[in-house]
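Encoded as structure tokens, the structure appears first; notes follow it.
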Amino acid sequence: MARTPTSIYPPLPAAVNGERFEFDSVAGRISVYVAGEGSPLILIHTVNASASAAEVRPVHEHFQAQRTVFSIDLPGYGFSARSDREYNPRLMTDAILALVKQIHARYGHSPIDAVAVSLSCEFLARAAMEQPTFFRKLALVSPTGFNGNASRRKPIGSTLAFPRLHRILANPRWSDALFRWLTKPSVIRYFLARSWGSPNIDETLWQYDLITTRQPGAKHAPLHFLAASMFAADIHTVYESIDIPVWTSHGVRGDFTDYRGMKIINGKPNWRNTIFQTGALPYFEVPTEFNRALDAFLSGSTTPLIP
């Protein structure tokens, strides 16, 4: 059967509602959606083969009624620059810090609340470690770096990257075919189901994933992700350094359920945790429960969130 040509796919639509703006930064051209009124709230999507701001849509839609919500497309994803370059924690952290500076230019230099999901929690935590006055509170949904018992306290800035693996994956003789296979509709559905821990995925997200993975340059960031280039080897040191309030949350189904490593922050008074009876993206499955817990954290509630 002949391969379906990329050209039949429509132009990339907006992932969430609101105004979309772009700006140049040290991390390249960055695209951000902004909606609502009130104090700023940053939302940062996951990192995978088909990532985009579409992954935070339920939180974006809920909080724009009370906050000015900024949902970023990280470098290599969505409408942000997808050039062939190295994608690593430094690049992603720089993109977040650049967005904060954009918000400061609009709203003044008050500390900002931010929500990140999965691997992006590592980028947000690093941004807060480097610029602690930029942030007021952090919400980390299904954060990476807490699985297993191994210590991740390598020198600051080190990663888990396998450069040789990336060279193999990015070989021009097969990288396009490899990425097409990784982003086949059935394969994207398979990986979403692993995140959900259930076949009952969000169909709107799946449909957006099919389009965003057919955009020019879509393969570059995911191939670095597959080679572990964006995973930090120093993330335990980074997490332990954070002094501002942090709320973590995660589910009990799917691939992201090993949080034995959270013992490194147990007992820290600024860290709190909530477990949802869901997969890795609880705000899709139990939006009312999730948004209530997140709002309680952001508004300063002292109600215990740990079940």
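Read the figures in this text as sums done on the coordinates, not as results from a lab. In this text, all values refer to a predicted model and were calculated from it rather than measured experimentally. Methodologically, a virtual Cβ is constructed for each residue, glycine included, from the backbone with ideal geometry; neighbour enumeration extends over all protein chains shown.
Coupling constants for the range 27-37 follow from the phi torsions by the Karplus curve (6.51 cos²θ - 1.76 cosθ + 1.60, θ = phi - 60°), and in residue order they are 9, x, 6, 10, 10, 9, 9, 10, 8, x, 9 Hz; glycine and proline get x.
The gain in end-to-end length when the S39 to I168 segment is fully stretched comes to 41.9 nm, 0.36 nm per residue minus the alpha carbon separation. Considering only H220, H109, H60, the Gaussian network model of the chain with Cα springs below 10 Å gives its largest mean-square fluctuation to H109.
For T159, nonlocal amide neighbours, meaning residues 5 or more places apart or on other chains whose placed amide H falls under 5 Å from its own, are A233.
Under 4 °C and 1.567 mPa s, how fast does the chain diffuse according to Stokes-Einstein, given a Kirkwood radius computed over C-alpha pairs? Answer in µm²/s, whole number. Before the final figure, lay out the partial values.
Working: Rh = 19.5 Å.
Reported coefficient: 66 µm²/s.
For the range 170-218, applying the loop criterion from DSSP together with a ceiling of 10 other beta carbons within 10 Å to the trypsin sites (Lys or Arg not before Pro) yields R173.
The charge dipole of the chain, taken about its Cα centre with unit charges on the Cβ atoms of Lys, Arg (+1), Asp and Glu (-1) only, comes to about 780 debye.
Think of the chain as having a plus end and a minus end, set by charges on the Cβ of Lys, Arg, Asp and Glu; of T133, T183, T204, T183 sits farthest toward the positive end of this dipole. A straight Cα-to-Cα reach below 25 Å connects K184 with the lysines K219, residues fewer than 8 places away in its own chain not being considered.
In percent, rounded to a whole number, the relative contact order of the chain is 20, using alpha-carbon pairs under 8 Å and six or more apart. Look at V246, V252 and count the other Cβ atoms within 10 Å of each Cβ; fewest to most, that gives V252, V246.
Of all DSSP beta bridges confined to the chain, the antiparallel ones make up roughly 35%. Figure legend: label point modelled 7 angstrom from the Cα of K154 along Cα→Cβ; residues of the range 239-268 with amide N under 16 Å from it are 239. Between the helical axis of 89-107 and the longest alpha-carbon principal axis of the chain there is an angle of about 60 degrees. Distance from the alpha carbon centroid of the range 272-293 to that of the range 80-117 works out to 25 angstrom.
What number comes out for the charge environment of N171, summing +1 per Lys or Arg and -1 per Asp or Glu over other residues with Cβ under 14 Å away?
So the environment of N171 carries a net charge of +2.
Selection among V56, F123, H104 by position relative to the dipole of the chain gives F123 as farthest towards the positive end (Cβ unit charges, Cα centre). With θ taken as phi - 60° and the Karplus curve 6.51 cos²θ - 1.76 cosθ + 1.60 applied, the whole-hertz 3J(HN,Hα) list for the range 159-174 is 10, 9, 4, 10, x, 5, 4, 4, 4, 5, 4, 8, 4, x, 5, 9 Hz, x standing for glycine and proline. Against the chain, whose longest principal axis is taken from its Cα atoms, helix 287-299 shows a tilt of about 50°.
Of all lysines in the structure, the ones whose alpha carbon falls short of 28 Å from that of K101, not counting any fewer than 8 places away in one chain, are K137. Pairs of Cα atoms nearer than 8 Å and 6+ residues apart set the relative contact order; for the range 1-126 it is 28 percent. Taking GluC sites (Glu not before Pro) across the range 230-303, none is in a DSSP loop with at most 15 further Cβ atoms lying within 10 angstrom of its Cβ. Each residue of the range 119-131 is assigned a 3J(HN,Hα), and the resulting list reads 4, 5, 4, 5, 5, 5, 4, 5, 4, 5, 5, 6, 10 Hz, derived from the Karplus form 6.51 cos²θ - 1.76 cosθ + 1.60 (θ = phi - 60°), x at Gly and Pro. For L91, the shell of other residues with beta-carbons less than 15 Å away shows a net charge of -2, using +1 for Lys and Arg and -1 for Asp and Glu. For the range 17-135, the C-alpha radius of gyration sits at 0.95 times the compact-globule guess of 2.2 N^0.38 Å, with N the residue count. Database remark: amide H of S25 closer than 5 angstrom to the amide H of I30 (H placed geometrically; neighbours at sequence offset of 5 or more, or on other chains; Pro and chain starts carry no H).
With a ≥ b ≥ c taken as the square roots of the eigenvalues of the C-alpha gyration tensor of the range 153-200, please select rounded if a/c is under 1.5 and otherwise prolate if a/b is larger than b/c or oblate if it is not?
Cα axes put the range 153-200 in the oblate bin.
Close amide H pairs (under 5 Å, H built 1.01 Å from N) link I44 with V115, A116, V117, residues at least 5 positions away or on another chain. The modelled label-to-label distance between D258 and S299, using points 7 Å beyond Cα along the C-beta direction, is 3.8 nm.
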